[in-house]
Amino acid sequence: MSASKRLHVVGAGLAGLAAAVAAARAGIRVCLYESAGHAGGRCRSFHDEKLGRLIDNGSHLLLGANKIALSYARATGGIEAMVPAPPRFDFFDLADQSRWTVSPTRLPAGLGEILLALGLPWTGSEASVADRLGQSRGYARFWRPLCEAILNTTPEESSARMFSWTMRRALLGGAPALSPWTFPLGLSAALVAPALATLGSFGAEIHFRCRLTGVAADRLEFEDRSVGLGPDDRVILALPPWAVPSVLPGFDLVLPTRTIVNAHFRLDQPIALPNGAPFLGLVGGYGHWLFPRGDVLSVTVSAAEGLVDRPADEIAALLWSEAARAIGLSAQTVPPARVIKERRATLAHDPATIQRRPGPETAIPGVFLAGDWIQSPWPCTIEAAISSGLYASQRALEQKTLSFGQ
Ligand SMILES: Cc1cc2nc3c(=O)[nH]c(=O)nc-3n(C[C@H](O)[C@H](O)[C@H](O)COP(=O)(O)OP(=O)(O)OC[C@H]3O[C@@H](n4cnc5c(N)ncnc54)[C@H](O)[C@@H]3O)c2cc1C
């Protein structure tokens, strides 16, 4: 592909941004198209009128083990808006009010169950995390919350193999791999705005409010325009799984998804967790994680199928009563709240769905797929999205060595 030819990236979520940044840094002309009026997709910040604050669609966390995502953040400068924390995870049990801390030297699990979690002995491809670890001592307080946080799927459904793979990356990588990275200025300041600025500095074209409606070997059809493709042009569709069947002829894969619910509460004053922890894990209730940011406290519920259909004010009241107990505030008056229901936050990570994740090639030569749902050892996460974008660019440009650096 010569330097005068173009890479067209459709979708400005993290997969599309990563594909575009990797190509632009290699001197390729990039055109990025996004149907929304903003970039970031399922991982973004916005100003919420009701709370009068910048909030994220949902609190996100990276781990040191997410090496490609961190290299992307370094390449764009977004890492400056991220903060690494010591590898320490505080928990609170809503049922009995107990508190405990998990760290590389203080795992609430015996050696036998740690080996099981790491995938030893051999794990059958159909086994679930509950099959594997359900009888273990650390199940309710460690493996279950970890599984729901990482796979956004109940342990009864989740693939034990995929869980073990992520555990090997996190637990065997030592303290740096387990270190959480947080986003005190919001997701967009770290993962979205610096990528757009990087693309701008390389002269990439960025088109918002530009919805793709069809793809052919010689053109891209958008709602309001048609873009012709030259013989050397390449295309990356960095779309969510449910958007592809309507634009890519012959692609009819439908994959099940799972929900994440976030409730953001605006408090009267800034809130800090004990020991200055950046987040707190909850067990024994609906809420899974608390994230403080200034005077906003956010509660995350993964695999939230049992909660999502309730009205937002009921969810807010329920989650506030749990959060208030965990941080020692009155549960009586629910502060101003914004509930965000991401009904298609990630794929379901059960063995059958994982098997069906497609590769990046499509039936149209020169057209590739990217996104967190494309085949990967990682579950649908920031790491999966960013690495799929990088790999799609490598394939499209036939440059295997393309990378974000260290
Ligand atoms: C609430 C929540 C919490 C999460 N927490 C974590 C976490 O803690 N850690 C972690 O690693 N991951 C987490 N994730 C997962 C992570 O956010 C996703 O894996 C990642 O953002 C997916 O990026 P993507 O680019 O693959 O897809 P998307 O973000 O879905 O991007 C696709 C883009 O394509 C655009 N688009 C769609 N149709 C069209 C069209 N026809 N034409 C043009 N553009 C189109 C969309 O508007 C969107 O911008 C979380 C997700 C959610 C929702």
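Here are the numbers for this structure:
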item	result
For segment 103-178: Kirkwood Rh in Å [reciprocal of mean 1/r, alpha carbons]	12.1 Å
Where only alpha carbons of the chain are counted, the Rg and the Dmax (Å)	21.2, 65
Residue-normalised accessible area of the chain, given per residue in Å² at a 1.4 Å probe	41 Å²
Label-point gap, in nm, between E305 and S246 - each point 7 angstrom along Cα→Cβ	2.4 nm
Listed peptides 279-288, 256-265, 9-18, 240-249 by packing density, highest first (mean Cβ within 10 Å)	9-18, 256-265, 279-288, 240-249
Percent antiparallel among DSSP beta bridges (both partners in the chain, rounded to 5)	70 percent
Largest-first principal axis extents of the Cα set of segment 12-167 (Å)	53, 40, 28
Calculated over segment 234-291: convex hull of Cα atoms, volume per residue (Å³)	186 Å³
Whole-angstrom gap from segment 93-158 to segment 321-363, using each part's C-alpha centre	19 Å
Cα-based Rg / Dmax (Å) for segment 150-190	13.5, 36
Hits among lysines - C-alpha to C-alpha of K5 under 21 Å, sequence gap 8 or more where chains match	K400
Environment charge of P87, counting only residues whose C-beta is closer than 15 Å and scoring Lys/Arg +1, Asp/Glu -1	+2
Local net charge near E49, Cβ-Cβ under 15 Å (Lys/Arg +1, Asp/Glu -1)	+3
Three semi-axes of the equivalent ellipsoid, segment 257-347, Cα gyration tensor, whole Å, largest first	21, 14, 11
Set of lysines with alpha-carbon distance to K341 below 17 Å, sequence-local pairs under 8 removed	K50
Contact order normalised by residue count of the chain, Cα under 8 Å, 6+ apart, percent	25 percent
Orientation-averaged projected area, Cα convex hull of segment 286-406 (nm²)	11.0 nm²
Fraction of antiparallel bridges per DSSP, segment 229-374 only, in percent to nearest 5	90 percent
J(HN,Hα) series, segment 311-316, from Karplus relation 6.51 cos²θ - 1.76 cosθ + 1.60, nearest Hz, glycine and proline x	x, 4, 5, 5, 4, 4
Packing-based order for 139-152, 44-57, using average beta carbon neighbours within 10 Å, highest first	139-152, 44-57
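The values are calculated or read from the model by the stated rules, or taken from the named source; none is laboratory data. Note that this is a predicted model, so its numbers are computed, not measured. Note that we place each Cβ from the backbone using ideal geometry, even for glycine, and neighbour counts take in every protein chain shown. For accessibility, only protein heavy atoms count, side chains too; no ligands or nucleic acids. Shrake-Rupley method; radii C 1.70, N 1.55, O 1.52, S 1.80 Å.
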